[in-house]
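Heads up, the thing below is written out as structure tokens.
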Amino acid sequence: MTQDAADIIAGVRAQIPHPLPERLGVAVSGGSDSVALLHILHRALTPEGVQLYAVTVDHGLRAASAAEAEGVAALATGLGLSHDILHWAEGPGVGNLQDQARQARYGLLRDWARSKGIAALALGHTADDQAETVLMRLTRASGVDGLSAMSAVRQLEDLTLLRPLLSLRRADLRDYLRAEGVPWGDDPSNEDRRFDRVRLRQALPMLEELGLSVEALSLVAKNMQQARQTLDHYALSAAQEGFSFQAGAVAVERAYFAGLPDEIAHRLLRAALQWVSGGTYPPRRAPMMAALETARTGGSATLAGGRILCRRGRVWICREAQAVRGQIAEVGQVWDGRWEISCVKTDDCKVRALGAEGLQLCPDWRETGLPGPVLEVTPALWRGADLVAAPLVRPAPGCKAELTCSEEEFFASFLSH
């Protein structure tokens, strides 16, 4: 092993948080970055007793993708590691192909990790990827969060994502692989100029001549991450002081909310919308700022599966009625991704939204003190067209509704970066 290789291995090893996980997943596409990641982690962590599990997502978008995935399997086998291939069965729909593939990939990796009892997953993003991401976010006029780009450690629900290569250049990793005699494959889509990231990647050498280097852009991301952490700290304090939770909705006094700095209020509103809707990715900044103005001025708006409304001096953030219309679940199943109803007697009953028609069957609903739109999107037990129980409005013996997402998860969202 050369000294350069030893230095790279030691540097990557230092990026793995303590205590070391018993099991660590490694996402490997077959490209140089992820192949180097697997090889380096095998050298660094296997002697310390960490079990590595390699995984490849085959999106099925190219004829050669299956063979490339098998090539990764052979590499993993040669290192004495297990390897799984995951397939994107649904395939792409209409819209941004790269974004769809990314979301599908993370969903598949999350589910795979859960099935294996793996709590942490290593990804092969490099300093080059970080610089490209910052440039992409600049073209979209992103704020602090967008320019923070990729974190070295991030939570994806119950899975910890690790990016131990963020300080390394792609060229250095390729030199490492050549020195170790390890082959890799190049995805031809990485040269497809139809994609924004490819065009920006190809523009980087020219930008470096102007001083806008990969290192400088990576430092911008690091600085923005520190700013984001500070803003999230103050947003968490504001949430703990002023926010309350009722019937699956979030509420805050409008006067209190209106007095918060824009960036803090923006973070709170975004977190509330994601909490009530279960959204993995936040809404874009422009519609969020418009929704923020609506909330401060006493209006109403729908965004990203959530609804913002003002009643009696309070701002409420609840589920959007259209988002739950038509959702049906069995008793005991999770409804709308966040509610579970248990009931002693079900008798062919189904769980669906209370809705406006159900609320009309609850003449005393105003005694709850909650706005009608908040109650309409809560779960109810129906037998055909007959309302059997509305646990949050018209309770029935032995029937209750509980959230699967807690208030603590809302507060923890400010710390997940």
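3J(HN,Hα) couplings calculated from phi for segment 28-45 with the Karplus curve 6.51 cos²θ - 1.76 cosθ + 1.60 (θ = phi - 60°) are, in sequence order, 10, 8, x, x, 4, 5, 6, 5, 4, 4, 4, 5, 5, 5, 4, 5, 7, 10 Hz; Gly and Pro show x. Once the chain from ALA64 to GLU263 is taken as fully extended at 0.36 nm per residue, the excess over their C-alpha distance is 67.1 nm.
Given segment 3-220, what percent of its DSSP beta bridges are antiparallel, to the nearest 5? Show your work: numbers first, answer last.
Values: 4 of 20 bridges.
Just about 20 percent of them are antiparallel.
Residue by residue, segment 321-338 carries 3J(HN,Hα) couplings of 4, 4, 6, 9, 5, x, 6, 10, 9, 7, 4, x, 7, 7, 9, 6, x, 8 Hz when phi is fed to the Karplus relation 6.51 cos²θ - 1.76 cosθ + 1.60 (θ = phi - 60°); x denotes Gly or Pro. Would you mind classifying segment 322-405 by shape? Square roots of the alpha carbon gyration tensor eigenvalues, ordered a ≥ b ≥ c; an a/c under 1.5 is rounded, otherwise it is prolate if a/b is larger than b/c and oblate if not. Verdict is rounded for segment 322-405.
Other residues whose C-beta falls under 14 angstrom from the C-beta of LEU292 contribute a net charge of +3, scoring Lys and Arg +1 and Asp and Glu -1.
Can you give the relative contact order of segment 3-220 as a percent, counting alpha carbon pairs under 8 Å and 6+ residues apart? Relative contact order, segment 3-220: 23 percent. Between amide H atoms placed 1.01 Å from N, distances below 5 Å from ASP84 occur with ALA54, VAL55, THR56, all of them 5 or more places distant or on a separate chain. Label positions at PHE195 and ALA171, each projected 7 Å from the Cα along the C-beta direction, are separated by 2.2 nm. In this structure the amide hydrogen of VAL331, modeled in the peptide plane, comes within under 5 Å of the amide hydrogens of VAL351, none closer than 5 places in sequence on its chain. Judged by the mean number of other Cβ atoms found within 10 Å, the most tightly packed of the peptides 397-409, 247-259 leads the ranking 247-259, 397-409. Under 5 Å between amide hydrogens, built in the peptide plane, is the criterion, and for VAL388 it picks out LEU381, TRP382, ARG383 among residues at least 5 positions away or on other chains. With a Förster radius of 30 Å applied to the C-beta separation of ARG23 and ASN96, the computed FRET efficiency comes to 0.35.
In order along segment 350-358, phi translates into HN-Hα couplings of 10, 9, 8, 4, 4, x, 5, 5, x Hz, rounded to whole numbers, per the Karplus curve 6.51 cos²θ - 1.76 cosθ + 1.60 with θ = phi - 60° and x for Gly and Pro. Straight-distance candidates among the lysines for linking to LYS345, with alpha-carbon spacing under 22 Å and chain neighbours fewer than 8 residues away dropped: LYS400.
Extension gain, GLU330 to ASP386: 0.36 nm times the residue separation minus the Cα-Cα distance gives 18.6 nm. Here the calculated FRET efficiency for ALA290 and VAL182, from their Cβ-Cβ distance with R0 = 45 Å, stands at 0.35, rounded to the nearest 0.05. Remark: the SER115-ALA6 segment gains 35.9 nm on full extension, using 0.36 nm per residue and subtracting the alpha carbon distance. Of all DSSP-defined beta bridges confined to the chain, some 70% are antiparallel rather than parallel. Percent of Cα pairs in the chain per distance bin of 20 Å, from zero to the largest separation: 23, 49, 25, 3. Note on segment 229-288 and segment 327-367: Cα centroid distance 27 Å, given to the nearest whole angstrom.
Here, each number is a calculation from the coordinates, and none is a lab measurement. For clarity, every value in this text was computed on a predicted model and none was experimentally measured. Cβ atoms come from the backbone with ideal geometry, glycine included; neighbour counts cover every protein chain shown.
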